[in-house]
Each structure stands twice: as C-alpha cells, then as structure tokens.
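The values are calculated or read from the model by the stated rules, or taken from the named source; none is laboratory data. The model shown is predicted, which means the values in this text are computed figures rather than measured ones. All Cβ positions, even for glycine, are placed from backbone atoms using ideal geometry, and neighbour counts span all protein chains on display.
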Amino acid sequence: MRIAACLSWYDEEPAALCRWVAGVASFADIVVAVDGAYYHYPDARGDSPEEQRYALYQACGEHGLDFQEVDREPGPNPAPWPSEVDKRATELAIAVSMVEPEDWLVRLDADEFAHSADPEALRWLLEATREVDVCTFELYGELPNPFRFPIRRILRALPGLTCEGAHYVAKAGQRYLAGHPEWHPIEQAQAIGPSLLEVEHRHQDRPPAREAGRRAYYKQLNELELERVGP
C-alpha cells in the first residue's frame, strides 16, 4: 500500500512548505503538489516563486519522499487555474494515476499541518480498511475561535476520482466520498482518531498579504457564486 499526500498550494513561505512536508513524511510515500492561483485570486499567477518550489522539492528529497510537481500548463508564466474545482480535480487525477486503486490519498492545504503520534498504526489501519473508501481525520485550529471537527480528506485512489461542483466535493462516478451531508449522498466513512492523525489549520501564520489574498478570493467566491453549493 502507498499513501499519496496531495498539496494544493500557491505562494507560500519556504519554511511553511518544509514544515508541511515534515508533517506528512512519517506516513506518506509520495507528495503530489499542484501549484498556481485560481483565476479570481488577486493578481493571480499560474506558478509560485522559484525559491518556494525548490524548497518543496528539496524537503521531499530530504525526507525520502517521491515528488510530483504539477502546473496547469508547461513552460514559463502559466495561466492561473480557472477555478478551485479545476485545480483540485487535477490534483486528484494526477495522484490517482501515480498509485494503485487500493492505495490512499490524503488531501491537505499548505496551511494545514499533519501530526501523527503513531504513523505505523495509521498505515496499518488504512491497509486493513476494506469496507469503505473514505476516512476522516480531525481538523483543528485556534483562530478566530478554537474548533475541531472530522473532515473527509482521506480518499481511496479510485479510478475516475474527481472534484465537481464545489471544492470540498470528491466523487468517483456517482459515488460521493466527500461533500455536503445535506446536499450529497455521501458514503459511510471510517474515522481515524487523533492519536493516529490530526491536522492543525494555521492560516494565521501566513504573511499578511497572502492571508489578505485568501480572504479576498473567498469573498469573491461567495459574491459571484463561483461554486455550486446546492444539490
């Protein structure tokens, strides 16, 4: 069994990217990193500065992880991604192509840092999981108020796995592995306890300009109704 850690990222501090890789290195075999801003992100570019990309590549090498870098298009100055959904669909498709259908994908953003107190037990549990194709881990953070909740971001590498309609949706054919419980017929999930894997959301550590860009993008996402949020 192999585990692919999937990273959707753009314009992150090299130190944060190295920390991200260190978090997944205890349980993952490969990092699939999809670079570039979304079209409606302020001053959007299709790729991040070279020193950031190199930091990610170097960190994966230091931890012995296979590394697959993905841009929207080859060559210099690629265009931004049309949408977050397009970028995440590509992330899933590339990751699925690099592993086998019985393997697993773990989806994390660049401001989400994994902690596993027992990575061997985590891998054993995933390898033993046969009845379901999606698992949850607990996502937690402190700002603006403390929160902790389970989230469906561990996905079996099923053929045709994609993102459709909204950035939090994951589906294979007509099967919804992740989505809104009131709008999508999501499948049963296996819960992964925090002693095996929990993920800390730390968007407050980003530089102020980067965090402002994130907020501006999601403001537009809501105002322009860029994603389908209903059935």
Search region 205-216 for residues that are touching a residue at least 60 places away in the same chain (Cβ under 8 Å) and pair each with any residue that is among the hydroxyl-bearing types (Ser, Thr, Tyr) when their beta-carbon atoms are under 7 Å apart and the residues are at least 6 apart or on different chains. GLY213/TYR41
Any hit, region 128-141, residues being of a type outside the set (Gly, Ala, Ser), in contact (Cβ under 8 Å) with a residue 60 or more places away in the chain, touching a helix residue (DSSP H, G or I) at 6+ places or on another chain (Cβ under 7 Å) and part of a loop (DSSP other than H, G, I, E, B): no
Can you find, within region 145-155, the residue that is farthest from ALA189 (Cα to Cα) among those that are in contact with a Cys (Cβ under 9 Å, 6 or more places away or on another chain) and of a type in the set (Lys, Arg)? ARG153
Is one or more of the residues making up region 71-87 in a strand (DSSP E or B) and within 18 Å of TYR168 (Cβ to Cβ)? yes
Which numbered condition SER48 misses (of (1) out of contact with any strand residue (DSSP E or B) (no Cβ under 7 Å at 6 or more places or on another chain); (2) outside any helix (DSSP H, G or I); (3) hydroxyl-bearing (Ser, Thr, Tyr)): (1)
Hey, any hits in region 216-225 for a residue that's at pLDDT 95 or above and loosely packed, with under 14 Cβ neighbours inside 10 Å? no
If you go through region 92-109 one residue at a time, do you hit one that is at pLDDT 95 or above, under 25 Å from GLU13 (Cα atoms) and not aliphatic (A, V, I, L, M)? yes
Screening VAL106, VAL96, VAL31, VAL85 for residues that are among the aliphatic types (A, V, I, L, M) and free of Cβ contacts under 8 Å to residues at least 40 places away in the same chain leaves only VAL31
Can you tell me which residue is surrounded by the fewest Cβ atoms within 10 Å (Cβ to Cβ) among those in region 123-142 that are aliphatic (A, V, I, L, M) and in contact with a strand residue (DSSP E or B) (Cβ under 9 Å, 6 or more places away or on another chain)? VAL132
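Residues checked against (1) charged (D, E, K, R); (2) in contact (Cβ under 8 Å) with a residue 60 or more places away in the chain; (3) assigned to a strand (DSSP E or B):
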position	(1), (2), (3)
ARG153	yes, no, yes
LEU158	no, yes, no
GLU164	yes, yes, no
TYR218	no, no, no
LEU221	no, yes, no
GLU227	yes, yes, no
When every residue in region 99-151 that is closer than 25 Å to CYS163 by Cα and among the aromatic types (Phe, Trp, Tyr) is compared, the one nearest to the chain's Cα centre (by Cα) is PHE113
Let me confirm something: among TRP20, TRP81, which residue is touching a strand residue (DSSP E or B) at 6+ places or on another chain (Cβ under 8 Å), of a type in the set (Phe, Trp, Tyr) and under 19 Å from ILE154 (Cβ atoms)? TRP20
I need a count of the residues in region 117-134 that are in contact with a Ser or Thr (Cβ under 7 Å, 6 or more places away or on another chain) and either closer than 18 Å to LEU105 by Cα or not small (Gly, Ala, Ser) (or both). 3
Counted residues, region 42-94 - those being within 20 Å of the chain's Cα centre (by Cα) and surrounded by 14 or more Cβ atoms within 10 Å (Cβ to Cβ): 36
